[in-house]
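Engineer: Have a look at this one.
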Amino acid sequence: MTSTGVLAVALVALLCALLMIWYRKRAKRNNQINRIPGFKSYPLIGTTHMYFGKSRTEIYDVLRNEAAQFPYISRVWIGPLPEVCIRKAEYVEKLIGSTKNMEKSFGYKFIRYWLGDGLLISSGKKWQKHRKIITPTFHFSILETFFDIFSDKSRILVEQLNEHCGTGVPFDIYTYVTKAALDIIGEAAMGVSLRAQEKGKNYYVNAVYEAAQLIMARVVRPWLHLDFIYKRTESGRKFHDCLQTLHGYSSDVVALRKTTRQRASQTNNGGKRRLAFLDLLLEANENGNQLSDKEIREEVDTFMFEGHDTTTAGISWTIYLLGLHPEIQNKVCAELDTIFNGSNRKVTLSDTREMKYLERVIKEAMRLFPPVPIIGRKISEDIQLGDYYIPEGCMIKIDLFNLHRDPRYFADPEKFDPDRFLPECAANRHPYAYIPFSAGPRNCVGQKFASYEQKVVLSTMLRNFKICSVDGRNEVKMINELVLRPIGGINVTLERRSA
């Protein structure tokens, strides 16, 4: 045999040996993962057969069925990719309670086309740098300056809702709350007046909903994971159109704020400007180019989406539950009466500190209906969760919806009971049993902003209206498309609340 032939044989033997090592290592990993309980898996498609032919609401029902069959921990296969789902506070703390396992899981790849490497998705040094720049925006002293905006936009919301008051005709209040939340995040965080409540249909909101739907549909269909294939499908083309709308909207917001800042600089009237989130980003761009134009747009995309969509869900689910429980709604209103004494004045920061019962109501609503019901991580090292060993590189998702229903910490978990969050009741609860804003180093940087906004919007509405929800708990169909939404909206009737 020639030297060339010997070399070829040696290369083939080496390749076969490497493939054998890879195969054995992969088989060992797969066996470890398959020890975790879960639905039957098939070659190529994994467990995604469970989603075939399912509607948007039926897909969410599959996830709930998984939790019912496999409490605390289960595994699925998204094609060839394993994913472990946890619903136990002790497991959650081990996963996200330290600076390890900071990288987001595979599914976020498809969100990245929209939000880029903003604070939600970025990792490592980039995440650390952006978090350091952004955190001061949500300092207590700055948040207090937003209360006029919270109140003004809430009053516009009340004006918009007046046309439905006293008619007895049900309507979807979710769409109204969405526009109010968009107005608030636009003016408070971005420093621009979007006037979404005063306009008709909002093309940005519609694009958000469609993009979220397309992303989740892609995640559970492994054959659409490859960009080469996806871009050539109808869904891929629709997603591209959504991105054009979303990125165009955020670019317009940045351009408008830049113009406003330039005008303010030219007039130089010495007045103190309210510092918006976007101002800090632009200053970081202007002073030493800490953030590029692209990075600014990515953060704007991230906070425009998260700042209005998750807050909308939190407010709307609270409205829904109050509308189902008039006795609890009356308790909230009694508390508001003691704070405002019949006055129609704006809500202040000190007022929100007195809203103890409303705060418990909001927390309980987010327990039952967490705005972001699932978060995911890619583990950076092997991890032992109870009896199960999960190897490095595996994806783990936290199912907040069912984590918040653990009967060890929440007796009669489906019951709406705000008193669960009385200090004496929450004192001995596991700190990771209730995490609507996530937890650990990657917790939500805007959670105080969201909490104040929810209190102001809800208290303003409840000082004006009695709310009655039309649909019972069994009638409301949910979808998990990045945010937990009701597929048919939140249908209510309104009556004037007497002074």
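The values are calculated or read from the model by the stated rules, or taken from the named source; none is laboratory data. Note that the structure is a prediction, hence the values are computed from the model and not measured. Virtual Cβ from ideal backbone geometry, glycine too; neighbours counted across all protein chains shown. Note: accessible area is taken over every heavy atom of the protein model, side chains too, but ligands, DNA and RNA are not part of it. Shrake-Rupley method; radii C 1.70, N 1.55, O 1.52, S 1.80 Å.
Engineer: Report the relative contact order of the chain, percent, no decimals, based on alpha-carbon pairs under 8 angstrom and at least 6 residues apart.
Structural biologist: Contact order relative to length: 25 percent.
Engineer: I've got another one for you. What is the percent carbon and sulfur in the accessible area of the stretch 322-375, measuring with a 1.4 Å probe over the protein chains and ignoring ligands?
Structural biologist: Carbon and sulfur together cover 52 percent of it.
Engineer: Ignoring ligands, DNA and RNA, what percent of the accessible area of the stretch 50-136 is carbon or sulfur (1.4 Å)?
Structural biologist: 55
Engineer: Okay, moving on. So which helices of the chain fit the span-like rule, where a helix is a whole DSSP H run, its Cα atoms reach 27 Å or more along the axis, and its mean Kyte-Doolittle is at least 0.0?
Structural biologist: Correct list, ordered by number: 3-34.
Engineer: Given the protein chains as shown and a 1.4 Å probe, how many square angstrom of Lys477 are accessible, to the nearest 10?
Structural biologist: 100
Engineer: Given a cut-off of 18 Å, what percent of all Cα-Cα pairs of the stretch 30-99 lie beyond it?
Structural biologist: 43
Engineer: If you take the beta carbon distance between Ser265 and Gln384 as r and set R0 to 56 Å, what does 1/(1 + (r/R0)^6) give as a FRET efficiency, to the nearest 0.05?
Structural biologist: 0.50
Engineer: If the chain between Ala426 and Phe140 were fully stretched, how many nm would it gain, using 0.36 nm times the residue separation less the Cα-Cα distance?
Structural biologist: 100.5 nm
Engineer: Further question on the same structure: Given a 1.4 Å probe and every protein chain left where it sits, what share in percent of the accessible area of the stretch 157-314 is carbon and sulfur?
Structural biologist: After summing per-atom areas, the C and S share lands at 49 percent.
Engineer: Highest first, please rank the peptides 104-111, 306-313 by the mean number of other Cβ atoms sitting within 10 Å of their residues.
Structural biologist: Sorting 104-111, 306-313 by mean packing, highest first, produces 306-313, 104-111.
Engineer: Pull up the DSSP beta bridges for the chain and report the antiparallel fraction as a percent, rounded to 5.
Structural biologist: Among the beta bridges of the chain, antiparallel pairing accounts for roughly 80 percent.
Engineer: Next question, about the same structure. Roughly how many nanometres apart are two label points built 7 Å out from the Cα toward the Cβ at Arg131 and Asn330?
Structural biologist: Taking the two extended label points, one gets 4.7 nm.
Engineer: Here's something else I'd like to know. Tell me, rounded to the nearest percent, the portion of alpha carbon pairs in the chain spaced more than 33 Å apart.
Structural biologist: Percent of Cα pairs beyond 33 Å in the chain: 43.
Engineer: Let me ask something else about it. Assuming a ≥ b ≥ c are the square roots of the Cα gyration tensor eigenvalues, decide whether the stretch 112-270 counts as rounded (a/c under 1.5), prolate (otherwise, with a/b larger than b/c) or oblate.
Structural biologist: oblate
Engineer: Can you order the peptides 179-188, 205-214 by their average number of other Cβ atoms within 10 Å per residue, highest first?
Structural biologist: Most protected by this proxy first, the peptides run 179-188, 205-214.
Engineer: What accessible area, in Å² to the nearest ten, does a 1.4 Å probe give for Ser193?
Structural biologist: Estimated to the nearest 10 Å², Ser193 gives 70 Å².
Engineer: Would you mind getting the accessible area per residue of the chain, heavy atoms of the protein chains only, 1.4 Å probe, in Å²?
Structural biologist: Spelled out: the 1.4 Å probe surface of the chain, per residue, equals 46 Å².
Engineer: How much net charge surrounds Val445 when only the other residues with a Cβ under 12 Å from the Cβ of Val445 are counted, with Lys and Arg +1 and Asp and Glu -1?
Structural biologist: +2
Engineer: Also: For an R0 of 41 angstrom, estimate the FRET efficiency from the Cβ-Cβ distance between Gln32 and Asn162 and round to the nearest 0.05.
Structural biologist: Efficiency for this residue pair is about 0.10.
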